[in-house]
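Please read the structure below before turning to the comments.
The values are calculated or read from the model by the stated rules, or taken from the named source; none is laboratory data. All values reported here derive from a predicted model rather than from experimental measurement. Every residue, glycine as well, gets a Cβ built from its backbone with ideal geometry; the counts of neighbours run over all protein chains shown. Protein only, heavy atoms only, side chains kept; ligands, DNA and RNA dropped before computing areas. Shrake-Rupley method; radii C 1.70, N 1.55, O 1.52, S 1.80 Å.
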Amino acid sequence: SFSLSTSISDAEEYQPPIWKSYLYQLQQEAPRPKRIICPREVENRPKYYGREFHGIISREQADEILAGVEGAYILRESQRQPGCYTLALRFGNQTLNYRLFYDGKHFVGEKRFESIHDLVTDGLITLYIETKASEYISKMTTNPIYEHIGYATLLREKVSRRLSRTKNESRKASVTSEENTPVEKITSLVRRAALTQNDNHFNYEKAHNFKVHTFRGPHWCEYCANFMWGLIAQGVRCSDCGLNVHKQCSKYVPNDCQPDLKRIKRVYCCDLTTLVKAHNTQRPMVVDSCIREIEARGLKSEGLYRVSGFTEHIEDVKMAFDRDGDKADISANIYPDINIIAGALKLYFRDLPIPVITYDTYSKFIEAAKISNPDERLEAIHEVLMLLPAAHYETLRYLMIHLKKVTLHEKENFMNAENLGIVFGPTLMRPPEDSTLATLNDMRYQKLIVQILIENEDVLF
């Protein structure tokens, strides 16, 4: 659907793909709404309907009123079910009747509208496009521009050169934060492709976080390059990376979300994979920062991870990470009590929307813990570890190496693998269904899993 001269070596000369305008033209051609006003004053007219309300009339009468005027519409009360309202709309030389609802907004299906006029406008566009282009729409996803990301390789050298200049900074920032550079002007599609192709990028899979979105002004789908039609809720947008696609195209988009730091508002309570991809790190930087600090000055601290830090100070650390990211200062000058840093790390794990040991793998870990033969149990745990998403696996591996170091100072800190298992079991794994009974029953297995992971980290990871 588009071509690019291979002689182009620079982002400045980058030509975006040609967006397909067929559906846009159809939207322009769609019939416009024509409100047919009732000539008489209607009693008991609902206050949220206007003069297009014709009271209790039959389908046949509605058909006569609308006859021959494409896009004409009226509202009526049902003869068979008083108190139920119907939108009668003329389209394709016939009168279509839709049950109409109101809950502060008007709707006949999923989409909700401020006014009847908007609802009819959107309905006519949809009817017109789906009538004229149903076959075209069904084939929209078959040859997507998304799979032609080859054109991004032309940007690769340019972007890599720029990235290598800022080796010590987050590589993602160097592409997105240089305002007004040519790279900034290219579409998000290419930006993501250029990043994906950067060798230093941690290639964790991440699904897009699509939410229904209303686009102001014309928008084209970044998957199939077709226009997104309609007045509201024309498609979906990934709230982590900003990818805009048709709802039907979203099913085909690969799990290659590259979160944009500008969209990630906080560090705590953020999905683990989303956070590491946004910061382009192997593990959440909270984990790295806290562990670095604890290993520098706290390994011999009595009751490390078991003794609670002051809650208010732990909240301060959380706010510092949310506000300043990896620039957060958690040094001894500000937080002399190491238990505050340990508490902030545990809180990070507790706040994760999906625990480090994911809901999907939870029951498999519990089953593995119940095996009585130690060698078979270790084998089973290793198999389940392989099922964890890459970012979760890497975070767990790093934490276990750290906790093993903690146990080497057991003489001073009184924390062995079993004690740490008691502390970290419920922090790292939670049952998918929130049942107190399941949690109580599983607690000894949660403890055992973490204990085994610590004791055998060199074999298991």
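Looking at (1) part of a helix (DSSP H, G or I); (2) modelled with pLDDT of 95 or more, which is the one condition that is false for Thr439?
(2)
Which of (1) surrounded by fewer than 21 Cβ atoms within 10 Å (Cβ to Cβ); (2) in contact with an Asp or Glu (Cβ under 6 Å, 6 or more places away or on another chain); (3) over 22 Å from Leu272 (Cβ atoms) does Gln451 not meet, given it meets every other one?
(1)
Of all residues being closer than 20 Å to Leu345 by Cα and among the hydroxyl-bearing types (Ser, Thr, Tyr) in the range 251-279, which is modelled with the highest pLDDT? Just the residue, please.
If we filter the range 251-279 for residues that are closer than 20 Å to Leu345 by Cα, which is where we start, we get 264-279.
Now drop any that are not among the hydroxyl-bearing types (Ser, Thr, Tyr), which leaves 268, 273-274.
On the way: Tyr268: 95, Thr273: 91, Thr274: 89.
Applying the filter and picking the extreme gives Tyr268.
Just one of (1) open to solvent by less than 30 Å² (accessible area, probe 1.4 Å); (2) free of Cβ contacts under 8 Å to residues at least 60 places away in the same chain; (3) under 27 Å from Glu130 (Cβ atoms) trips up Pro33, so point out which.
Failing condition for Pro33: (2).
Which is within 22 Å of Asp458 (Cα to Cα) and touching a Pro at 6+ places or on another chain (Cβ under 7 Å), of Leu378, Leu428?
Values: Leu378 fails: touching a Pro at 6+ places or on another chain (Cβ under 7 Å).
It is Leu428.
Would you confirm whether any residue within the range 214-234 is out of contact with any Leu (no Cβ under 9 Å at 6 or more places or on another chain), part of a helix (DSSP H, G or I) and open to solvent by less than 20 Å² (accessible area, probe 1.4 Å)?
The answer is no, given that none of the residues of the range 214-234 is out of contact with any Leu (no Cβ under 9 Å at 6 or more places or on another chain), part of a helix (DSSP H, G or I) and open to solvent by less than 20 Å² (accessible area, probe 1.4 Å).
For the list (1) farther than 18 Å from Thr427 by Cα; (2) out of contact with any helix residue (DSSP H, G or I) (no Cβ under 9 Å at 6 or more places or on another chain), I need the number of the one condition that Ile334 fails.
Here Ile334 clears every test but (2).
Here's the yes/no breakdown for (1) more than 17 Å from Phe424 (Cβ to Cβ); (2) among the small types (Gly, Ala, Ser); (3) out of contact with any Gly (no Cβ under 9 Å at 6 or more places or on another chain):
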site	(1), (2), (3)
Leu275	yes, no, yes
Cys290	no, no, yes
Lys300	yes, no, yes
Leu304	no, no, no
Gly325	yes, yes, yes
Ile338	no, no, no
Leu345	no, no, yes
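Could you list, in sequence order, the residues of the range 302-325 that are open to solvent by less than 60 Å² (accessible area, probe 1.4 Å) and more than 27 Å from the chain's Cα centre (by Cα)?
Hits for the range 302-325 are Gly303, Leu304, Tyr305, Gly309, Ile314.
Of the residues Glu376, Glu367, which is open to solvent by 40 Å² or more (accessible area, probe 1.4 Å), under 33 Å from the mean Cα position of the chain (by Cα), more than 28 Å from Met319 (Cα to Cα) and of a type outside the set (Ser, Thr, Tyr)?
Glu367
Can you pull out every residue in the range 238-275 that is under 10 Å from the mean Cα position of the chain (by Cα) and of a type in the set (Gly, Ala, Ser)?
Within the range 238-275, Ser239, Gly242 qualify.
Looking only at the range 52-83, count how many residues are over 16 Å from Leu100 (Cβ atoms), open to solvent by 50 Å² or more (accessible area, probe 1.4 Å) and assigned to a loop (DSSP other than H, G, I, E, B).
4
Here is a check on your reading of the model: is Glu412 part of a loop (DSSP other than H, G, I, E, B) and open to solvent by 40 Å² or more (accessible area, probe 1.4 Å)? Write out each step before concluding.
On the way: part of a loop (DSSP other than H, G, I, E, B): no; open to solvent by 40 Å² or more (accessible area, probe 1.4 Å): yes.
Criteria not met by Glu412.
Can you give me the number of residues within the range 415-448 that are open to solvent by 60 Å² or more (accessible area, probe 1.4 Å) and among the charged types (D, E, K, R)?
At the first step, the residues of the range 415-448 found to be open to solvent by 60 Å² or more (accessible area, probe 1.4 Å) are 418, 422, 432-434, 436-437, 440-441, 443-444.
Next, from what is left, pick out any that are among the charged types (D, E, K, R): 418, 433-434, 444.
Result for the range 415-448: 4.
Counting only residues that are more than 30 Å from the chain's Cα centre (by Cα) and open to solvent by 10 Å² or more (accessible area, probe 1.4 Å), how many does the range 117-128 have?
Restricting attention to the range 117-128, the residues satisfying the condition of being more than 30 Å from the chain's Cα centre (by Cα) are 117, 120-121, 124, 127-128.
If we keep only those that are open to solvent by 10 Å² or more (accessible area, probe 1.4 Å) as well, we get 117, 121, 127-128.
Residues that pass the stated criteria total 4.
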